[in-house]
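Engineer: Quick one: structure below, then a few questions.
The values are calculated or read from the model by the stated rules, or taken from the named source; none is laboratory data. As the structure is a prediction and not an experimental result, all values here were calculated from the model. Positions of Cβ are backbone-derived with ideal geometry, glycine not excepted, and every protein chain shown enters the neighbour counts.
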Amino acid sequence: MRLLESERLMLKPIEEEDIYVLLEIRWDWDVMFFSLHEPISRREQLEWYRSLSSKKDLALSVFLKTEQGLKLVGTIGLYDINPRHQRATFRMRLSKESQGLGIGFEAGRMLMEYGFNVLNLRKICGDQFAVNKAAVTFCRRMGFVEEGVLRKHFYQNGEFRDVSFVGLLKEDFFAAMGELDKQQSTGE
Ligand SMILES: CC(C)(COP(=O)(O)OP(=O)(O)OC[C@H]1O[C@@H](n2cnc3c(N)ncnc32)[C@H](O)[C@@H]1OP(=O)(O)O)[C@@H](O)C(=O)NCCC(=O)NCCS
């Protein structure tokens with residue numbers, strides 16, 4: 001078992017061979033619809049990848065283990081890692097067909113544990129459209145708390161959307177996970 005691996009998932013630093021698959025996922029309208037980031041070109045994707053080693057980012061590919069081998073289904077990461085404030089920003093993007101299968105929660109939990117226990121973070125931040133039900137539910141389940149809403153902040157698909165800023169403290173994450181494990185073990 002590697003550092004960030006479960007029965008069905010493997011999270012590994014993004015390799016150059018992954019980046020155009022990840023770009024296709026990013027360009028998918030169903031995924032883009034919920035993205036706070038602009039579409040980018042292959043050249044920009046390559047430049048971003050090459051800049052990773054000089055940045056304080058942990059950018060990982062999410063692989064699903066299948067009978068045919070590892071399947072790249074998305075990306076997850078901790079960005080702008082700030083050792084002084086012990087803080088980082090969380091982002092995740094899965095392909096449309098991989099959403100709603102519990103992959104996000106499983107990968108997210110592994111990464112948060114790594115962030116708090118190995119990278120020694122105290123807080124992980126995130127932002128998302130307030131209308132993004134999957135992300136809102138995911139964050140609530142993980143223990144994030146909404147810290148503010150920027151109203152009509154981002155123009156997307158013909159409307160100005162509210163953006164919700166969320167924060168996850170180390171103690172809140174482990175309390176949420178402890179509660180979840182208790183519920184699962186008692187079958188609630
Ligand atoms: C947000 C995202 C990472 C969540 O990962 P996921 O694998 O789809 O979510 P999971 O299957 O692990 O589900 C996590 C929770 O969200 C809920 N959920 C998932 N999809 C949902 C949807 N479309 N509507 C409402 N709730 C949803 C699940 O029911 C689950 O809650 P529960 O355990 O209480 O039932 C993923 O959907 C994604 O990549 N979306 C596109 C990009 C994006 O929005 N990124 C985040 C903001 S930038």
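Engineer: Given the options Arg91, Arg84, Arg42, name the one that is free of Cβ contacts under 8 Å to residues at least 40 places away in the same chain and either among the aliphatic types (A, V, I, L, M) or within 14 Å of the ligand (Cβ to nearest atom) (or both). Let's see the steps before the verdict.
Structural biologist: Values: Arg84 fails: either among the aliphatic types (A, V, I, L, M) or within 14 Å of the ligand (Cβ to nearest atom) (or both); Arg42 fails: either among the aliphatic types (A, V, I, L, M) or within 14 Å of the ligand (Cβ to nearest atom) (or both).
Just a single option satisfies the conditions, and that option is Arg91.
Engineer: Which of the residues spanning segment 1-39 are within 23 Å of Thr137 (Cβ to Cβ) and either without any contact (Cβ under 8 Å) to a residue 12 or more places away in the chain or touching a Cys at 6+ places or on another chain (Cβ under 7 Å) (or both)?
Structural biologist: Correct list: Trp29, Met32, His37.
Engineer: Report every pair of residues separated by at least 6 positions or lying on different chains whose Cβ atoms are under 9 Å apart, first residue within segment 150-162 and in contact (Cβ under 8 Å) with a residue 60 or more places away in the chain, second of a type in the set (S, T, N, Q) and outside any strand (DSSP E or B).
Structural biologist: Correct list of pairs: Gln156/Ser35.
Engineer: Within segment 99-112, track down each residue that is more than 6 Å from the ligand (Cβ to nearest atom) and either assigned to a strand (DSSP E or B) or surrounded by fewer than 17 Cβ atoms within 10 Å (Cβ to Cβ) (or both). So that I can check it myself, show each step before the final result.
Structural biologist: Of segment 99-112, the ones more than 6 Å from the ligand (Cβ to nearest atom) are 106-112.
Once the filter is applied, which keeps residues that are more than 6 Å from the ligand (Cβ to nearest atom) and either assigned to a strand (DSSP E or B) or surrounded by fewer than 17 Cβ atoms within 10 Å (Cβ to Cβ) (or both), segment 99-112 yields only Glu106.
Engineer: What pairs can you find where one residue is in segment 111-130 and under 13 Å from Arg87 (Cβ atoms), the other is within 12 Å of the ligand (Cβ to nearest atom) and assigned to a loop (DSSP other than H, G, I, E, B), and their Cβ atoms are less than 9 Å apart, with a gap of 6+ or different chains?
Structural biologist: Listed pairs, sorted by first residue: Ile124/Phe144; Cys125/Phe144; Gly126/Phe144.
Engineer: While we're on this one: Just to be sure before I move on: is Ser95 within 28 Å of Glu159 (Cβ to Cβ), modelled with pLDDT of 95 or more and among the hydroxyl-bearing types (Ser, Thr, Tyr) in the structure I sent?
Structural biologist: Details: within 28 Å of Glu159 (Cβ to Cβ): yes; modelled with pLDDT of 95 or more: yes; among the hydroxyl-bearing types (Ser, Thr, Tyr): yes.
Yes; evaluated as a whole, the condition is true for this residue.
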